[in-house]
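Have a look at the structure below, then the notes.
The values are calculated or read from the model by the stated rules, or taken from the named source; none is laboratory data. Worth saying up front: this structure is predicted, and the values here are computed from it rather than measured. Cβ coordinates were reconstructed from backbone atoms using ideal geometry, including for glycine residues, and neighbour counts include every protein chain displayed.
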């Protein structure tokens, strides 16, 4: 069943979520704070759909129809009639709670309010609203149009109805759903993967092995599609560091202590593929 979906945040994750929702037949409102940000998001979607069409993964007619279902806006009021609102702003508790307070003020009663976060506990974000029972976590993986997994995370007060509706919506996007029933920082996938990233960065920083050999060990030894350092470059070194910090702040578990090398890379602007340099040069 098609519905109206609002995506707040037109960056890499937001544009990807908007794309898969439109391809699945939903009308989509893509909102960001500036016309330039919205234009970049729509351009990214157009380019991605064109690449899928060129590889015959979607027909050109269906790609054009999906793009036509997406409306870009800077007016938060345009999300008011959405059945599902997905927030996809930067991975910062302060930023997300500020945005959620604004969403809460305009979203219609009964709407699912989803936060796309990779590590922040949902309950903390839901506390910024007057309806925590309607707030749920949706941890999409980047790049969203290609990655099948999405974790649906229950906050402390998330209702069963909200959880069920969200899982049904995500499955309708063609995603595989993992239900996370306890609101722990990092959820399931990142709780495991970020521990691997911390260890990989530590091995590199202490001179045990090169970035290439560390990634090769994971690819050829464990069958991973990409090594942890390659994946960090793809996701963004800054985004990965923020997620690690969120888990460490919530748990105080020393295995999630942010590695000094990761912190220095972010300070220097070596953010991975998006900056042209991270653990590798692009």
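This table checks each residue for (1) out of contact with any helix residue (DSSP H, G or I) (no Cβ under 6 Å at 6 or more places or on another chain); (2) within 18 Å of residue 116 (Cβ to Cβ); (3) surrounded by fewer than 18 Cβ atoms within 10 Å (Cβ to Cβ).
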position: 41; (1), (2), (3): no, yes, no
position: 49; (1), (2), (3): no, no, no
position: 54; (1), (2), (3): yes, no, yes
position: 60; (1), (2), (3): no, no, yes
position: 64; (1), (2), (3): yes, no, yes
position: 70; (1), (2), (3): no, yes, no
position: 75; (1), (2), (3): yes, no, yes
position: 80; (1), (2), (3): no, no, yes
Query raised in the report: Among the residues of region 210-219, is any crowded, with 21+ Cβ neighbours inside 10 Å, more than 27 Å from residue 249 (Cβ to Cβ), in the same structural domain as residue 44 (by TED's automatic domain parsing) and in contact with a helix residue (DSSP H, G or I) (Cβ under 9 Å, 6 or more places away or on another chain)?
Result: no
Requested in this report: For region 26-37, state whether one or more residues are under 30 Å from residue 247 (Cα atoms) and surrounded by fewer than 15 Cβ atoms within 10 Å (Cβ to Cβ).
Outcome: yes
Query raised in the report: Filtering region 98-123 down to residues that are farther than 10 Å from residue 135 by Cβ and under 16 Å from the mean Cα position of the chain (by Cα), which residue is surrounded by the most Cβ atoms within 10 Å (Cβ to Cβ)?
Result: 117
Query raised in the report: Across region 108-124, which residue is farthest from residue 181 (Cα to Cα) among those that are in a strand (DSSP E or B) and in contact (Cβ under 8 Å) with a residue 40 or more places away in the chain?
Result: 112
Query raised in the report: Could you say which residue among 183, 250 is in contact (Cβ under 8 Å) with a residue 60 or more places away in the chain, closer than 30 Å to residue 167 by Cβ and either outside any helix (DSSP H, G or I) or in the same structural domain as residue 137 (by TED's automatic domain parsing) (or both)?
Result: 183
Query raised in the report: So which residues in region 200-214 are more than 23 Å from the chain's Cα centre (by Cα) and assigned to a helix (DSSP H, G or I), if there are any at all?
Result: 202, 203, 204, 205, 211, 212, 213, 214
Query raised in the report: When the residues of region 130-154 are filtered to those that are in contact with a strand residue (DSSP E or B) (Cβ under 6 Å, 6 or more places away or on another chain) and in a loop (DSSP other than H, G, I, E, B), which remaining residue is surrounded by the fewest Cβ atoms within 10 Å (Cβ to Cβ)?
Result: 148
